[in-house]
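Input: a single structure, listed below in structure tokens.
The values are calculated or read from the model by the stated rules, or taken from the named source; none is laboratory data. Note that the coordinates shown come from a computational prediction; the quantities given were computed from them, not determined experimentally. Here the Cβ is made from the backbone with ideal geometry for all residues, glycine too, and neighbour counts use every protein chain on show. Remember, those area values only see protein heavy atoms, side chains included, never the ligands or the DNA or RNA. Shrake-Rupley method; radii C 1.70, N 1.55, O 1.52, S 1.80 Å.
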Amino acid sequence: MSTTEIHYPATHEVFNQVEPLENYNVFTGNQALRDALKFNAPDLDTSALTALGDKLGSAEYQTHARLANVYTPVLHAHDRFGRRIDQVEFHPSYHALMSLAAESGLHGSPWVDTKNGHIQRAAGFTLFTEMEPSILCPISMTYAVMPALHGNEAIFKDWSPGLSARAYDPELKLFSKKRGLTMGMGMTEKQGGSDLRANTTQATADGSDAWGQRFKLVGHKWFFSAPMCDAFLVLAQSAAGLSCFFIPRVLPDGSLNTIRVQRLKDKLGNKANASSEVEFQGATAWLVGVEGRGVPQILEMGTMTRLDCALGTSGLMRQALAIALNHAQQREAFGKRLIDQPLMRNVLADLALESEAATALSMRLARSFDRKNDAHEQLMGRLLTPIAKFWICKRGAAFAQEAMECLGGNGYVEAGGEGIMARIYREMPLNSIWEGAGNIMALDLLRALRKGDAAAALAHELAPAQGAHPALDRLATALPARVELMATEMEARRLAQDVALAVQAAILYQSAPTAVFSAFCDSRLAGNWGHTFGTLGAAVDFDTILTRAMPR
Ligand SMILES: Cc1cc2nc3c(=O)[nH]c(=O)nc-3n(C[C@H](O)[C@H](O)[C@H](O)COP(=O)(O)OP(=O)(O)OC[C@H]3O[C@@H](n4cnc5c(N)ncnc54)[C@H](O)[C@@H]3O)c2cc1C
């Protein structure tokens with residue numbers, strides 16, 4: 001809230017507090033992201049990202065982000081006459097954020113603009129996270145649903161134009177009457193979310209129509225984020241086993257489907273997105289894909305949302321780093337600005353390395369989604385999805401804590417939603433848990449290794465950096481053999497970590513200045529590092545790393 005125009009009677013002068021980081025361009029100020037795009041998509045036209053970056057850094061949208069989190073969603077299970085309505089009411093700022101994301105094509109654009117569509121959208125998604133991640137939950141699920149929705153071509157034909165339209169239409173209406181559509185997903189039940197075979201929701205055959213085989217669902221979902229989406233993909237047990245279903249909120253005859261929102265989750269993390277618990281009371285649903293093959297069908301959606309987990313955490317890291325740098329540039333202690341204190345320089349540079357490495361890996365992964373016809377890219381996409389989701393999201397929480405500490409006590413304070421660092425800290429663990437927690441990602445890596453010649457693909461990926469740093473050479477020489485031998489479950493996290501670090505280093509060699517690459521390899525690969533951030537060796541080129549990381 002700006003109070004600079006007003007003079008209040010004062011008992012003391014307020015000084016040495018910082019001006020907030022606002023009204024800046026989050027894209028042009030993010031050199032690491034710009035270089036990652038140059039490396040992965042050299043011919044990408046970045047003018048739309050520049051325009052988006054301006055809006056996302058504006059005080060106006062930062063205020064929307066604050067208000068959407070302060071005035072939290074409210075569930076109205078019934079109307080005032082006692083009729084069931086299952087509606088969630090949001091603050092207008094939530095809708096403003098949704099509109100901007102939809103108009104920017106952060107959900108459906110890659111399915112329409114095919115050249116560089118995924119990486120362009122990935123960059124926009126990352127930038128949006130730097131402003132506010134909450135509304136990206138339905139945006140991400142709407143993006144992710146398209147491949148899986150091909151499992152029912154009749155529904156795909158009717159719904160895909162609305163799902164990829166650059167419009168947000170929050171009204172509860174028949175899909176064909178809406179300017180834009182959103183979708184969510186429901187897999188997790190009370191008794192288990194990782195082991196989906198434990199799902200108990202029952203699907204009973206109920207004839208067929210223009211959308212194919214119809215079923216009635218009875219059961220529940222324990223996590224059902226963004227319940228105001230227009231439709232969902234869910235898992236339920238039919239006679240043939242666990243199957244994937246399309247379940248709209250409004251049925252083709254205009255009536256409300258019996259998806260009952262039981263309550264909203266009282267959760268850590270952002271407060272603006274309404275995660276919920278639901279029950280299906282004979283809800284109407286249509287089969288998507290082959291009956292009994294529900295898990296692989298819905299995981300086509302899961303793969304895309306896992307990319308978004310890596311992107312989202314990269315964006316949050318960058319936001320936390322930018323706020324920490326902004327603070328350290330202005331705040332003084334012991335006669336110097338914090339940014340000039342050697343130990344603070346070490347902490348900030350270390351965070352900058354971590355942030356840039358996360359951005360580099362997540363953009364590298366996004367590139368593979370644009371090149372589905374290339375065999376190497378296909379293999380890397382399969383390998384790097386669990387690796388990026390595991391490693392980047394794992395690093396996020398420790399990163400947020402350290403960035404928060406750069407602000408001292410102010411970092412810990414919410415101040416009616418103005419304390420953005422505290423909001424980032426609360427949000428940070430989420431991407432590590434949802435869509436497959438850390439162990440599940442590490443185990444998925446072992447599955448990915450069985451697809452194609454993963455060892456050769458990895459060797460090919462690391463080859464451009466051969467000879468650039470002895471520690472990277474040692475790791476790159478050892479990894480293909482470890483991949484070939486296939487780690488045991490006990491070693492899966494270690495393997496995921498080492499592949500992530502090797503790939504990050506190899507990309508940084510090609511996309512970042514030598515100062516960044518050398519400091520990353522010396523610390524993360526050669527052991528010249530401690531157990532917390534801020535333990536880089538004294539020989540690091542701190543000036544180059546910090547100047548590069550400045551948000552403006
Ligand atoms: C805010 C939020 C929103 C969410 N939104 C949705 C949503 O919209 N739709 C949806 O379907 N789900 C959603 N989820 C649920 C989320 O995807 C699950 O919580 C997650 O997949 C883990 O499942 P679980 O909670 O049942 O934990 P469990 O499956 O019980 O896992 C607990 C722990 O055990 C570990 N584990 C499990 N199996 C193994 C194994 N074989 N070896 C070693 N370790 C193992 C896991 O890694 C995890 O650390 C959401 C969760 C949150 C927090």
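For the chain, the per residue solvent-accessible surface stands at 41 Å², with DNA, RNA and ligands left out and a 1.4 Å probe.
Note on the stretch 42-119: along the principal axes its Cα atoms extend 58, 30, 13 Å, ordered by decreasing extent. Report, in degrees rounded to the nearest 10, the 0 to 90 angle that the Cα long axis of helix 492-511 makes with the longest principal axis of the chain. Around 60 degrees separate the two axes.
Extension gain for the segment Leu268 to Lys157, taken as residue separation times 0.36 nm less the Cα-Cα distance, is 36.2 nm to one decimal. Taking Cα atoms only, the orientation of helix 136-149 departs from the longest principal axis of the chain by about 60 degrees. Between the helical axis of 31-40 and the longest alpha-carbon principal axis of the chain there is an angle of about 60 degrees.
Only lysines eight or more places from Lys115 in sequence, or on another chain, were considered; those with a Cα closer than 19 Å are Lys38, Lys372.
Projected label points at His150 and Thr200, each 7 Å from Cα along the beta carbon direction, are separated by 3.6 nanometres. Multiplying the residue separation of Lys177 and Asp79 by 0.36 nm and subtracting their alpha-carbon distance yields 33.0 nm. Only helical runs count toward this figure. For the chain, summing -39,500 (n - 2.57) over DSSP H runs of n ≥ 4 and dividing by all residues gives -16000 deg cm²/dmol at 222 nm. Model label sites at Asp113 and Glu484, defined 7 Å from Cα along the beta-carbon direction, differ in position by 4.4 nm.
Using R0 = 45 Å, the C-beta based FRET efficiency linking Glu89 and Thr50 works out to 0.80. Evaluated at q = 0.09, 0.10, 0.11, 0.19 Å⁻¹, a Debye calculation over the C-alpha positions of the stretch 103-232 (equal weights, vacuum) places log10 I(q)/I(0) at -0.30, -0.37, -0.45, -1.21.
For the chain, the relative contact order comes to 15 percent (Cα pairs under 8 Å, sequence separation of at least 6). Across the accessible surface of the stretch 375-454, with the other protein chains kept in place and a 1.4 Å probe, carbon and sulfur atoms take up 58 percent. Tell me whether the stretch 400-552 comes out rounded, prolate or oblate; compute the Cα gyration tensor, take square roots of the eigenvalues as a ≥ b ≥ c, and use a/c under 1.5 as the rounded threshold. Oblate, since a/c reaches 1.5 and b/c is not below a/b. Of the chymotrypsin sites (Phe, Trp or Tyr not before Pro) found in the stretch 14-51, those that fall in a DSSP loop while having at most 11 other beta-carbon atoms within 10 Å are Phe15. With an a/c value of 1.5 or above and a/b not larger than b/c for the gyration tensor axes a ≥ b ≥ c computed over the alpha-carbon atoms, the chain is described as oblate. The alpha-carbon positions of the stretch 229-277 define a convex hull whose volume is 116 Å³ per residue. How much of the DSSP bridge set in the chain is antiparallel, in percent, rounded to the nearest 5? Roughly 90 percent of the DSSP beta bridges within the chain come out antiparallel. Counting only lysines at least 8 places from Lys221 when in the same chain, those with an alpha carbon closer than 21 Å to its own are Lys190, Lys265, Lys267, Lys271.
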